[in-house]
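See below for the structure under consideration.
We did not get these values from a lab; they are worked out from the coordinates using the rules stated. Note that this is a predicted model, so its numbers are computed, not measured. So basically every Cβ, Gly included, is an ideal-geometry build from the backbone, and we count neighbours across all protein chains shown.
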Amino acid sequence: MDSGNMAWMLTASALVLFMTPGLAFFYGGLVRAKNIVNTIMLSFIAMGVVSIVWVLWGYSLAFGPGGSFIGNFDHFALNGIAADDGETLIFVVFQMMFAIITPALITGAFAERFKFSTYMIFLVLWVTLVYAPVCHWVWAADGWLFERGALDFAGGTVVHINAGIAAVAAAWLVGKRRNIDRGVEPHSVPFVVLGAGMLWFGWFGFNAGSGLAANALAANAFLVTNVAAASAAVSWTIIAQIKTGKFSAVGAASGAVAGLVAITPASGFVDVVGALAIGIGAGAICYGAVLIRAKVSLDDALEVFPVHGIGGIWGALATGIFAVEAIGGTAGLLEGNGAQMTEQFIAVIATLIYSFIVSVIILKVLDVIPGLGLRVSEKDEDAGLDISLHGERGYVHDGAD
Amino acid sequence: MDSGNMAWMLTASALVLFMTPGLAFFYGGLVRAKNIVNTIMLSFIAMGVVSIVWVLWGYSLAFGPGGSFIGNFDHFALNGIAADDGETLIFVVFQMMFAIITPALITGAFAERFKFSTYMIFLVLWVTLVYAPVCHWVWAADGWLFERGALDFAGGTVVHINAGIAAVAAAWLVGKRRNIDRGVEPHSVPFVVLGAGMLWFGWFGFNAGSGLAANALAANAFLVTNVAAASAAVSWTIIAQIKTGKFSAVGAASGAVAGLVAITPASGFVDVVGALAIGIGAGAICYGAVLIRAKVSLDDALEVFPVHGIGGIWGALATGIFAVEAIGGTAGLLEGNGAQMTEQFIAVIATLIYSFIVSVIILKVLDVIPGLGLRVSEKDEDAGLDISLHGERGYVHDGAD
Amino acid sequence: MDSGNMAWMLTASALVLFMTPGLAFFYGGLVRAKNIVNTIMLSFIAMGVVSIVWVLWGYSLAFGPGGSFIGNFDHFALNGIAADDGETLIFVVFQMMFAIITPALITGAFAERFKFSTYMIFLVLWVTLVYAPVCHWVWAADGWLFERGALDFAGGTVVHINAGIAAVAAAWLVGKRRNIDRGVEPHSVPFVVLGAGMLWFGWFGFNAGSGLAANALAANAFLVTNVAAASAAVSWTIIAQIKTGKFSAVGAASGAVAGLVAITPASGFVDVVGALAIGIGAGAICYGAVLIRAKVSLDDALEVFPVHGIGGIWGALATGIFAVEAIGGTAGLLEGNGAQMTEQFIAVIATLIYSFIVSVIILKVLDVIPGLGLRVSEKDEDAGLDISLHGERGYVHDGAD
Amino acid sequence: MIKIEAIVRPEKVNQVTAALLDVGCGGFHYQNVTGQGRQQGVEVFTGRGGQTATRAAMPKTIITTVVQDDQQATVVEAIIAAAKTGDEGAIGDGKIFISSVSDAIRVRTNESGEDVL
Amino acid sequence: MIKIEAIVRPEKVNQVTAALLDVGCGGFHYQNVTGQGRQQGVEVFTGRGGQTATRAAMPKTIITTVVQDDQQATVVEAIIAAAKTGDEGAIGDGKIFISSVSDAIRVRTNESGEDVL
Amino acid sequence: MIKIEAIVRPEKVNQVTAALLDVGCGGFHYQNVTGQGRQQGVEVFTGRGGQTATRAAMPKTIITTVVQDDQQATVVEAIIAAAKTGDEGAIGDGKIFISSVSDAIRVRTNESGEDVL
Ligand SMILES: Nc1ncnc2c1ncn2[C@@H]1O[C@H](COP(=O)(O)OP(=O)(O)O)[C@@H](O)[C@H]1O
Ligand SMILES: Nc1ncnc2c1ncn2[C@@H]1O[C@H](COP(=O)(O)OP(=O)(O)O)[C@@H](O)[C@H]1O
Ligand SMILES: Nc1ncnc2c1ncn2[C@@H]1O[C@H](COP(=O)(O)OP(=O)(O)O)[C@@H](O)[C@H]1O
């Protein structure tokens, strides 16, 4: 790997890492003030736990030799990777950052009521049993979806659909929050936008880094990433404005994230016109999905499925529609390659089914283990998780301190 | 473009994008708590709207072939840019980030009272009719200022003087805020400094990226950028301290921004001694400009003209004074090339006049279009724009939520 | 320097600069709300003052030719560095960022009570008399510790032990804060985690940039940096949970920082297994050090010595233990090179003694100079430093504004 | 006219205010306070998260409503029903203080007296 | 001695407090509260910005001043003049409550009674 | 029953509340307010940090405790001792207001009267 590509991959890895604190603030701003510490901590501790899992066995399961379904333990603790093999080392690092943020995304579904101790174990199990296999299917050279030719440049299926559907499982099993009939006003809109800004910034590493090189493909990925985020932010904002008469900043931020989600699988395959279509579509579709989600009884608190699940599905299909052969080497539906759509469908469905089922199993098991369980007590939920689980108040402004 | 240069330009583009959320927080901290969402949103939505304008026609008008005044529509929707032309693609991206932040800078002038719907249209018109032409003059190969030899390494005229004088037009036409006779205390000093930190960080991409390569010139630009920011922060802080007896953190942050503004045009041409002079001068001059601005009746709410306008003018002239031939290939006044000062003057004056007049016309037109208008109602202004325009409160800490 | 290495060093320099605002927020969140502006400002102004000192004489003293103890003034104002010598220019920049954050780290010790005017002079003196020499010893080609072969890849001794022991001197001489018997609750846990996220992100530049190239060594440094931060965050969190029953977010953030500190000297020498050991150790050791510090009467307000001093010592020794010859060219104790431990010990002890003594002398002198003095008045301390020294309130949310 | 001040757990505010409207209160206002009574302290982390300290003063919300004298019993009952934890109640559920108000004036209309409530 | 508590729109605080000083009030204090009266709710976004909900409880500020009995009329008038929206007033302009205070003590000097105000 | 409201410097809250517990107060609550009395203003920066303005209204904390009538003197004394700056006191140390409370009810138990305090 030449120094230029290495320079970019080091940077891209740092950028993707920075997305997880970004997510902490994006999610943190959306909850009530009494749960801010907990919400931030759900993301932050993922940086801790998942990094360890990844270097011990996660990477090996995801990218080690094995079968078409999952790798093996050959690279346990990065065994067998030479100290001067920069290409592999930086790939381990870059992929680690993806493994961190994926389960952190799920936490939006069960915000404001999940047991923290159980969550730490959930992280270990979910990365091992769900993330690593799906990652292997899509990105490992011998993964079955990779071999079929499903396109997922930067993680539409592996990261977003995967997290989105696991979020459904989690929201369902942990149950509805107490006392939210009046709706929950985000306690800090600035934090939501700060988080969105950090995510947008970091996403350039996510998408433009996924070609593992600093070349024209990376520049294109960067361009379309920005355009999709922008157009989804605008489309969500305008649609919400038409419906309510107000320009929601949280909506603009959510739209940007929806656009970023949708362009993720497509960023190595589409041009700027495709990006505009994907972005505008993402803003509209995910906004609609949020409205529908509000009508069903599933308390996916921070809309993980409507944004990451639906946004990811839209992106995966849109990749099949708008792929431009001159860019990523594969033509899409609009260039006459309808077959690609089938592969995209298969990847989506397979991820949805596998991730949902295994996530349910993991959560069910954690629920019945004595001393664990998914949900905090009513008393702790009412008082807020910050005081009850973390012994910390988010903000202390009173005269006494 | 080799992988090293591409790596740096990808990074620099991400850094410049990150400046806009930085600006959102810098400005957001300075306003009253009831307008925080609006202020942040003015910057954030620019990332949306301008990105779309830029890839559709903005880039083409700014850098497409045309005349010495403006480009044409040849590259509408990036038409004619090959998928493997990384050099052009990353240039489109890098320049897009400049087009985003420039109108976002203007928003400081009309903070706390501008109609948001009108603003979204203003963004489209201003980038098209003011930003694109001025950008063409200065940076396109056939731009008239470029051909005359005016020096503007990273956007002193294109970005800062341009935004600064448009800010005067906007503050003048939208009128004074209600009820500010007691002065407005920044509602969140931490956000001001957070924003300044993000701006300072992102500015390395702005200036050190403007040579479009990772080489000694970039390293020098990085160095002088940091030195000018630092010395302006210190000079503003000390001068304000002498005058008032207090060390204002907002002053230190404003000084840093003033220094960054002033070094922007110079960063490819001066050495570290020039940077110290430019920085110290920027802190003193912009501080004085703020005091003078407070004496005239123009309610440029967040001091856009004193900092970006005056700072930009000082930087443009200082470039002519301190340019070192060994660095950027052009000598300045101190090295005996007095003629360069003339070019710098012409660029400054041309930008001031053109941007002011066209900004006034745009705003006047928007003011009279039925259903638009520049200013929110008194009731909305009093209640705060967050609730009235955005349906959101910045901070919700009360017991009920 | 090829474009790839230059690209990475530009990026790494920006990342390290970004750590100082990160530190401002990390520290700022930990203090009481009435001192937030002051605490942030202590870090922010270091970006101003130290940058100036560094380019004028700091770099020259640290890296100019001279003796084994300190450089000389040959490179005053960067005299003699050619405009096209990118390699030296970027080295000046990269090292400048280290010189900025080191004294900023010390400020945690005397938070909430130090005189700001005295602090600005302290910055100049400390960087000149303590930082520059120690930096010279360890990193200059003719530094005596460098010549002996002490290993410090990215600044365990130069930055962390150095700041940590100066913090002891400062906390001791400035004395205990008033009215803290009930303990101080951090006033903003979100800011603490934001700061920790920014630090973690920036630290990739710190450590992976310290090889001055984008190569396998940088990738390894990046990897072990992340792993150590992660494992220390987890170990601190779990140990604190076992002791108290709560999952402290401030603890997780502090653990991450402790891990980052400890891996700093080791990051160019150890592999992932070493990083896990160093990280887990750092979390446990620094947590214990905080508990012990709370028992002695030294009011090192934000635990600079327990985290940076003890964490840095652990890292320096652990480098000697876990160094892997295949990575950094030097074997450690576990590979049979016990002699390395001796060098590590000498570097630690020398830094502790020199930094402590000279810091004490500087502070004593500042204390007795009329008009200076270390500590604010009781009245100013009680009212909070924000209002009394800075004329600013951190947060203004009352109806009147 | 009397003023009823109820200090309750912050998480009960929505229930209590809904209950006030149900029994015909014309208005109310509430704000966060820090309060201490018999409630046992909670442990919070101090400093850098190593040490903990016990804080007995806890976040509470005080809800104030001015009503006619004869509404006292109804309103107090409504507040208690809404603010109590479970059937048993729990320490820290709060207190209600009653005091007299001599007049009330509506800013908009200059009206005064009981009609204003 | 009487206590005058005025619940007003937050944006009126500067005017009201200036008016208090004008009519010779010796001091006051104010704080943000959330209040609900007849004022119609405003629509706010909830959750991720898709849905909206109506909130009738709105940010208000309560200004408290303790004055001598005979100042009641002057002070109330001053507050009304400063706090009213336009000439007509608007729903939500606020309310003023009067109650009696039995004593006032100055911490600095231990003085008590009307001189303290 | 009387209500004692002490407006003190924010930095004195811990001392005052400790003093309240010492003299046997059953509970209290406190909150931040902005207050103005005779205290001279402080200069603060406005806008972008160039200009300054004088603000006379300063952050204060109001501590409220309801006690039995006969505790008035003890409690007031305790507050003054804890809230005063130095031996002399300083302008801005605060004020204490006393008013009467007609009843107190404990949410948890429905008890009322002096036992509740
Ligand atoms: N005497 C008092 N004066 C003012 N406030 C009080 C008083 N006693 C209790 N409070 C307030 O009521 C809250 C609940 O009181 P507490 O004694 O904890 O509950 P309980 O009455 O159920 O035992 C306290 O946190 C405090 O805010
Ligand atoms: N009975 C009451 N008790 C306490 N506060 C009240 C009461 N009625 C109104 N308020 C306060 O006064 C504010 C203004 O009341 P509102 O009824 O909206 O205005 P208006 O009196 O102009 O119709 C409310 O938001 C609330 O804070
Ligand atoms: N008449 C009053 N009504 C209500 N609050 C008052 C009154 N006078 C003073 N205060 C409050 O008491 C605080 C201290 O008053 P101040 O006059 O500054 O102190 P001192 O009594 O020592 O001269 C003020 O900031 C204000 O909050």
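Between the listed residues A:His75, D:Ser102, A:Leu15, the Cα displaced farthest toward the positive end of the dipole of the protein assembly as shown, a dipole computed from Cβ unit charges relative to the Cα centre, is found at D:Ser102. Bridgeable aspartates and glutamates around B:Lys34 (alpha carbons under 12 Å apart, same-chain partners fewer than 8 residues away excluded): B:Glu112, B:Asp380, B:Glu381, B:Asp382, B:Asp386, B:Glu392, C:Asp398, C:Asp401, E:Glu11. Projected label points at C:Lys364 and A:Ile349, each 7 Å from Cα along the beta carbon direction, are separated by 8.1 nanometres. Tell me the distances, shortest first, between B:Phe76 and the same position across the other copies, using label points 7 Å along Cα→Cβ, in nm to one decimal. Taking the point 7 Å beyond Cα along Cα→Cβ, the inter-copy spacings are 6.3, 6.3 nm. From the Cα gyration tensor of the protein assembly as shown, with a ≥ b ≥ c the square roots of its eigenvalues, which class applies: rounded if a/c is under 1.5, or else prolate if a/b is larger than b/c, or else oblate? Verdict is rounded for the protein assembly as shown. Distances between copies at C:Ile357, taken between label points 7 Å from Cα along the C-beta direction, are 7.2, 7.2 nm in increasing order.
For A:Ser377 and C:Arg182, the FRET efficiency from 1/(1 + (r/R0)^6), where r spans their Cβ atoms and R0 equals 30 Å, is about 0.60.
Summing -39500 (n - 2.57) over the DSSP H runs of n ≥ 4 in chain B and dividing by its residue number, what mean residue ellipticity at 222 nm do you reach, to the nearest 500 deg cm²/dmol?
Rounded to the nearest 500, it is -20500 deg cm²/dmol.
Model label points for B:Leu291 and B:Ala77, set 7 angstrom from Cα along the Cα-to-Cβ axis, are 5.6 nm apart. Annotation: the residues B:Trp126, C:Trp57, sorted from fewest to most other C-beta atoms within 10 Å of their own C-beta, follow the order C:Trp57, B:Trp126. Rg over Rh for the stretch B:1-105 works out to 1.06, using Cα positions for both radii and the Kirkwood form for Rh.
When the Debye formula is applied to the Cα atoms of the stretch D:2-116, each taken as the same point scatterer, what base-10 log of I(q)/I(0) results at q = 0.11 Å⁻¹? At q = 0.11 Å⁻¹ the computed log10 ratios are -0.44.
How do B:Val307, B:Val124 line up, fewest other C-beta atoms within 10 Å first?
Ascending Cβ contact count within 10 Å gives the list B:Val124, B:Val307.
Across the alpha-carbon set of chain B, the Rg to Rh ratio works out to 0.96, Rh being the Kirkwood radius.
A simple charge model with +1 on the Cβ of Lys and Arg, -1 on the Cβ of Asp and Glu and nothing else charged puts the dipole of the stretch F:49-100 at about 380 debye relative to its Cα centre. Would you mind checking the stretch D:1-21 for residues with the amide N under 18 Å from a putative spin-label position 7 Å along Cα→C-beta of D:Glu77? Answer for the stretch D:1-21: D:4, D:16-21.
Cross-linked pairs A:Lys246/D:Lys84; C:Lys246/D:Lys95; E:Lys84/F:Lys84: Cα-Cα separations exceed 32 Å for A:Lys246/D:Lys84; E:Lys84/F:Lys84.
When the Cα positions of C:Trp139, C:Val290, C:Ala383 are compared along the charge dipole of chain C, C:Ala383 comes out farthest toward the positive end, with charges on each C-beta of Lys, Arg, Asp and Glu. Pick out, from D:Gly92, D:Gly41, D:Ile4, the residue whose Cα sits farthest towards the positive end of the charge dipole of the stretch D:2-116, with +1 on the Cβ of Lys and Arg and -1 on the Cβ of Asp and Glu. Value: D:Gly41.
For the protein assembly as shown, the dipole from Cβ point charges (+1 on Lys and Arg, -1 on Asp and Glu) about the Cα centre works out to 1640 debye, to the nearest 20.
In plain terms, the residue of C:Ser267, B:Ser388, C:Ser297, B:Ser68 with the fewest other Cβ atoms within 10 Å comes first and the most crowded comes last, giving C:Ser297, B:Ser68, B:Ser388, C:Ser267. Counting only Cβ charges, +1 for Lys and Arg and -1 for Asp and Glu, the dipole size of chain B around its Cα centre is about 1180 debye. How high is the FRET efficiency between B:Arg148 and A:Glu325 when r is their beta carbon distance and R₀ equals 41 Å, given to the nearest 0.05? Computed FRET efficiency for B:Arg148 and A:Glu325 comes out at 0.40.
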